[in-house]
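The values are calculated or read from the model by the stated rules, or taken from the named source; none is laboratory data. Because the structure is predicted, anything quoted here is derived from the model rather than measured. Glycine also receives a Cβ, built like all others from the backbone with ideal geometry; neighbour counts cover every protein chain displayed. Just the protein is used for accessible areas: all its heavy atoms, side chains included, with ligands, DNA and RNA removed. Shrake-Rupley method; radii C 1.70, N 1.55, O 1.52, S 1.80 Å.
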Amino acid sequence: MSDRRAELAAGLARVHERVDAALSAAGRTDAPTLVVVTKRFPTSDLDLLVDLGVTDIGENRDQEAAAKLPEVAARSGLTVHFVGQVQTRKAGSVARYADVVHSLDREKLARALDRAAEREGRAIEVLLQVGLDTAGGRGGAPAADVPALADLVAGLEHLRLRGVMAVAPRCEPPRPAFARLRELSERLRSAHPGATAISAGMSGDLEDAVAEGATHLRVGSAILGSRESHG
Ligand SMILES: *Cc1c(COP(=O)(O)O)cnc(C)c1O
């Protein structure tokens, strides 16, 4: 086993242990989907992760993802999650490789992604990114705008509304913020029963996310190591 492979295996094992502990603390038996965020790490790491059994990977920059993913996804049947901000003019590129877009936060992007998915002859699953940061700055639609955005997305032929996503705010502990996301998810589901996904939790706060019902965790550095040494 190469050193890097052993490192990634150990990172995955540690994260699975943390998730399992958080699940039992929360009295949950439904394991969330672990999206391994591979941004700024090379394709060779992606290959090793797939070999170690990873089925869901995440990227946050179109330029990088467009270069790295097509060959990897084509040979492994991976589910590719796009978790970063999407510029409207990049929708066409993202639609080529992303199976799930976690960061849909505005009408213009919804319409652009729908048209792009149509051109690709496929459907894209989307989560609505909610801004939990009262001071702003980490992206996402204001919570008050989510119901209207959800109705719009549900009416677009090539998008599938799956749920909500958020990044923990900077100036508040994550748990109460994730609790607000969960309440919003519950309200959303009364109008859109299929929108069951809650994407929350990263390397530093996955326990809080599991406690508040996250169905998708987006974990990078706890598995792959620090991104600083990778530019
Ligand atoms: C980078 C990133 C992650 C993973 O962050 P880590 O702290 O490395 O686990 C999760 N979500 C989004 C939106 C990201 O950009």
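Brief remarks follow.
- Karplus-based coupling profile of region 56-61, in residue order and whole Hz: 10, 10, x, 9, 10, 10, with θ = phi - 60° in 6.51 cos²θ - 1.76 cosθ + 1.60 and x standing for Gly or Pro.
- Rounded to the nearest 20 debye, the dipole magnitude of region 99-203 is 160 debye, with +1 charges on Lys and Arg beta carbons, -1 on Asp and Glu beta carbons, and the Cα centre as origin.
- Rel. contact order, % - alpha carbon contacts under 8 angstrom, at least six apart, region 3-224: 20 percent
- On a per residue basis, the chain carries 45 Å² of accessible surface, using protein heavy atoms and a 1.4 Å probe.
- GNM on the chain, alpha-carbon springs under 10 angstrom: the most fluctuating residue among A66, A25, A143 is A25.
- Carbon and sulfur %, accessible surface of the chain computed with the full protein complex present, 1.4 Å: 48 percent
- Per-residue 3J(HN,Hα) values for region 159-173, derived from phi via the Karplus relation 6.51 cos²θ - 1.76 cosθ + 1.60 with θ = phi - 60°, read 10, 10, 6, 10, x, 10, 9, 8, 9, 4, x, 7, 10, 7, x Hz in sequence order (x marks Gly and Pro).
- Its DSSP H runs of at least 4 residues, each contributing -39,500 (n - 2.57), put the calculated 222 nm mean residue ellipticity of the chain at -14000 deg cm²/dmol, to the nearest 500.
- Dipole in debye (nearest 20) - region 1-138, about Cα centre, beta carbon charges: Lys, Arg +1; Asp, Glu -1: 480 debye
- Rounded to the nearest 20, the size of the Cβ-charge dipole of the chain about its Cα centre is 460 debye, with Lys and Arg at +1 and Asp and Glu at -1.
- Dipole of region 3-140, positive end: most advanced residue of V126, G77, A6 [Cβ charges, Cα centre]: V126
- Tail beyond 18 Å, pair distance distribution of region 67-175 (Cα, percent): 48 percent
- Per residue, the convex hull spanned by the Cα atoms of the chain amounts to 121 cubic angstrom.
- Over every Cα atom in region 105-231, the radius of gyration and the widest Cα-Cα span, Dmax, amount to 15.2, 45 Å.
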